[in-house]
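The values are calculated or read from the model by the stated rules, or taken from the named source; none is laboratory data. Because the structure is a prediction, the values reported are computed rather than measured. Cβ sites come from the backbone with ideal geometry, for glycine too, and all protein chains shown count toward neighbours. The area values use the complete protein model at the heavy-atom level, side chains included, leaving out ligands, DNA and RNA. Shrake-Rupley method; radii C 1.70, N 1.55, O 1.52, S 1.80 Å.
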Amino acid sequence: MPTQATTRLYSMSDADLKQSADALTSSIKRDLAAFATRNINLTVLDKFGQLITDFDNTSTDEEMLGISMVATEQKDAIAENLRKAIRIVRNMAEVAYGTKGRYVIFGFENMAILSDNDLYQQGKRVVRVATRFMDDLEKQGLTAEQVTAISNLCIELDNAIDNSAQQVENRDIETQDRVNKGNALYTEMMRLASVGKSLYEDTDEARYNDYVMVGSKPAAANSGTEKPAE
C-alpha cells in the first residue's frame, strides 16, 4: 500500500512553533529547580534544544517551491527554444514539399500545444527525418549544424523534464521531513508545557500562564486517537 502523508499535529505556523519552543525553553530554565522534581533537567532541555535546531534547519516549503519554479522556468525556456528551431525546419519542409508527402512525415501538427514529453519526441523525429532528407532541405538552407542544435536541445529538454520532476519530488520529501520534525518538536513541547502547568496550577498564576501554549491544536474530530493539546 502507498505510504500516507504525515499529518501536522499542530495548527500554529512553523515560525510560531519554533518561537514557542524557544520561549518554553527560557521558562523551564528559569524554573529548573521545580522541573527537577519531575526529572526534567538540563539533559532533557539539551535534547529539546536539538529538536528545535533540527526543525529550524529544515528547508522551508517556500525555498523548495522556489527551486521547483526555477527548474520549471528553465524547462519551459528550453522547450520554447526547441519549438523555435523546429519551426524553422517546418518552413523549409513546407517550401520543399508543400503540406503533403514527405512534409507529413515530420509530424509538425499541433506543435504549439504539445506536452513537454511529446515535444521531446517530436524533436527527435525532426532530427531523424531532416537527416534522412538533408539533400532536399539543404536547398532551403538547412545545415548539419542546425540539425545538431535541435538534437542538443532535445537532450537538454529531456534532462530539464527529469530535473523539474525531481525538484517536485524533493519538495514533497522535504515537506514530509519538516512535518515529522515539527511533530516531534510539538509533542515534546506539549509534554513539557503540561508539566509546567501542573507545577504552578495552584500556586502561581503568572508562571502557569507561561506554560499555556497559544495556537496548539485540539484533538482531531474524526480520528479519535489524538488527545487534546492542553
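Annotation: of all residues in the stretch 116-136 being more than 39 Å from the chain's Cα centre (by Cα) and not aliphatic (A, V, I, L, M), the one that is most open to solvent (accessible area, probe 1.4 Å) is ARG132. Test ILE155 against the criterion of being without any contact (Cβ under 8 Å) to a residue 12 or more places away in the chain and over 16 Å from ALA21 (Cα atoms), and give yes or no. Answer is yes for this residue.
Yes/no matrix, rows are residues, columns are (1) open to solvent by 90 Å² or more (accessible area, probe 1.4 Å); (2) under 17 Å from MET213 (Cβ atoms); (3) modelled with pLDDT of 95 or more:
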{"site": "GLN4", "(1), (2), (3)": "yes, no, no"}
{"site": "THR37", "(1), (2), (3)": "yes, no, yes"}
{"site": "THR43", "(1), (2), (3)": "no, no, yes"}
{"site": "GLN74", "(1), (2), (3)": "yes, no, yes"}
{"site": "ILE78", "(1), (2), (3)": "no, no, yes"}
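Residue by residue, here is whether (1) crowded, with 17+ Cβ neighbours inside 10 Å; (2) in a helix (DSSP H, G or I) holds:
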{"position": "GLU62", "(1), (2)": "no, yes"}
{"position": "LEU65", "(1), (2)": "no, yes"}
{"position": "ILE88", "(1), (2)": "no, yes"}
{"position": "ASN91", "(1), (2)": "no, yes"}
{"position": "VAL95", "(1), (2)": "no, yes"}
{"position": "LYS100", "(1), (2)": "no, no"}
{"position": "TYR103", "(1), (2)": "yes, yes"}
{"position": "GLU109", "(1), (2)": "no, no"}
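Let's see how each residue does on (1) in a helix (DSSP H, G or I); (2) of a type in the set (D, E, K, R):
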site	(1), (2)
MET12	no, no
LEU17	yes, no
THR25	yes, no
ALA34	yes, no
ARG38	no, yes
THR43	yes, no
LYS47	yes, yes
GLN50	yes, no
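Residue count for the stretch 182-203 under the criterion of being over 13 Å from ARG38 (Cα atoms), in contact with a Phe, Trp or Tyr (Cβ under 6 Å, 6 or more places away or on another chain) and buried (at least 19 other Cβ atoms within 10 Å of the Cβ): the result is 3.
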